[in-house]
Amino acid sequence: MGSAKKSSAARKARIEEMRRAEQARERRARILTIGAAVVVVGALVAGGVFLVRSQKDDSDSASNDKSAGRFVTGKDGVKKWEGTLARNHVTKSVSYPVTPPVGGDHHPVWMNCNGDVYTKEINNTNAVHSLEHGAVWVTYNSEAAEEDVDALAAKVRKTPYTLMSPVDGQKDPIMLSAWGHQRTVKGADDPAVDTFFAQFVQGQQTPEPGAACTGGLAE
Amino acid sequence: MKHFGVIAGAAALVLVGGGALGYAAVAGDEDGGSTPSAESADAGFARDMAVHHQQAVEMSYIVRDRTENEEVRRLAYDIAQTQANQRGMLLGWLDLWELPKVSADPPMTWMGMGGTADAGGDADGALMPGMATDAEMKRLGELNGKQAEIFYLQLMTDHHKGGVHMAQGCLSKCAVGVERRLARTMVEGQQSEIELMAGMLRDRGARAR
């Protein structure tokens, strides 16, 4: 009887001990959860502030009759068109504010962009339509190194929703364009190439998601 | 014992609250982070627009067999490719949300427009505003050349008008960010194609119905 009472008291004490341990665990878990939430929220706020700030340093500004706006360079080196880009179908030539163009009125027929590599200049009005379908356009001028051009052509050929062509009038040797976005890269092995492809090939900027890169103009 | 229960309860509440906060912080981009219900506008739009798009794909395949005109054939190619792919996105979301592809309620109930398409009785396959009837689809398959082009452009103009209206419904009622983005591209893309088709109809001495 006495020993039973004693063991019952010991059991109570042990249960009490386990409860305390349980509560301590819950407190730690609670602190961890709240801590993690605070860190995540803080990181989001900091990221947002960074993004907003990175948009502020501007560069070339321009406009034409229907598209209006200017390029704003982000911290990641990608220029983003801030403003409007017209999307009418036209068969005449269009004067675009930037070279190569990143949007605006365009020809009714898109340039095929299913990993198509063009070795001659193409009409920018057709290429802009490809950008509208979510393609990334790789362009180069005569200053681009031949090995870079070859390596980029090989990359484009194995990447659906990209196209490549020479653009003599552009200011940098190698440039990448998507609807409303553009950047210069140093060469074919510049890691910014993969980053740009990952972000913009059928990316969120695409005005017509799901539209094709086949069935358009082949040359 | 009672004391412990209160503490445990409070601890659980804080844990749940903290967890929810953490979850919201991670998942809370523009969509609020929860899975839509079968009755939601998000699910309704995904279901109904998938059906609506399917007829546009079918209509486009038909006209490509009825004319050699490159301009119309290319427009039909563009519409078929785009809407088939968008249909895949819509159905894919329903799969991810583990929601049925059909509802016992009439189409567009989520827009407060349930039953409007067949208000006049037998809808003859035109389940939603803008959709062609089975008889119209059959007729398209029997016309040739310019007559097929004109009828296709007229049917597709009506189809796009209904599509734009439904996509606007999603824009005002849907909660999921990626879905709202797709709906916005539909409003803008189809609106501009309506204008394009108006020009193509004029070139053929015709106009929208």
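The values are calculated or read from the model by the stated rules, or taken from the named source; none is laboratory data. Since we're looking at a predicted model, the values are computed, not measured. Note that we place each Cβ from the backbone using ideal geometry, even for glycine, and neighbour counts take in every protein chain shown. Please note that ligands, DNA and RNA were not included when accessible areas were found on the heavy atoms of the full protein model with its side chains. Shrake-Rupley method; radii C 1.70, N 1.55, O 1.52, S 1.80 Å.
Of the numbered criteria (1) over 27 Å from B:E68 (Cβ atoms); (2) surrounded by 17 or more Cβ atoms within 10 Å (Cβ to Cβ), the one B:G92 fails is (2). For segment A:158-213, a residue qualifies if it is acidic (D, E) and more than 14 Å from chain B (Cβ to nearest Cβ), and the qualifying residues are A:D168, A:D172, A:D189, A:D190, A:D194. Among the strands (runs of 3 or more DSSP E) confined to segment A:153-212, the ones with at least 3 residues that are open to solvent by 10 Å² or more (accessible area, probe 1.4 Å) are located at A:181-184. Scanning segment B:184-206 for residues that are in contact (Cβ under 8 Å) with a residue 24 or more places away in the chain and more than 11 Å from every other protein chain (Cβ to nearest Cβ) gives B:I194, B:A198, B:L201, B:R204, B:A206. In segment B:150-158, the condition of being within 23 Å of B:A43 (Cβ to Cβ) and out of contact with any Asp or Glu (no Cβ under 6 Å at 6 or more places or on another chain) is met by no residue.
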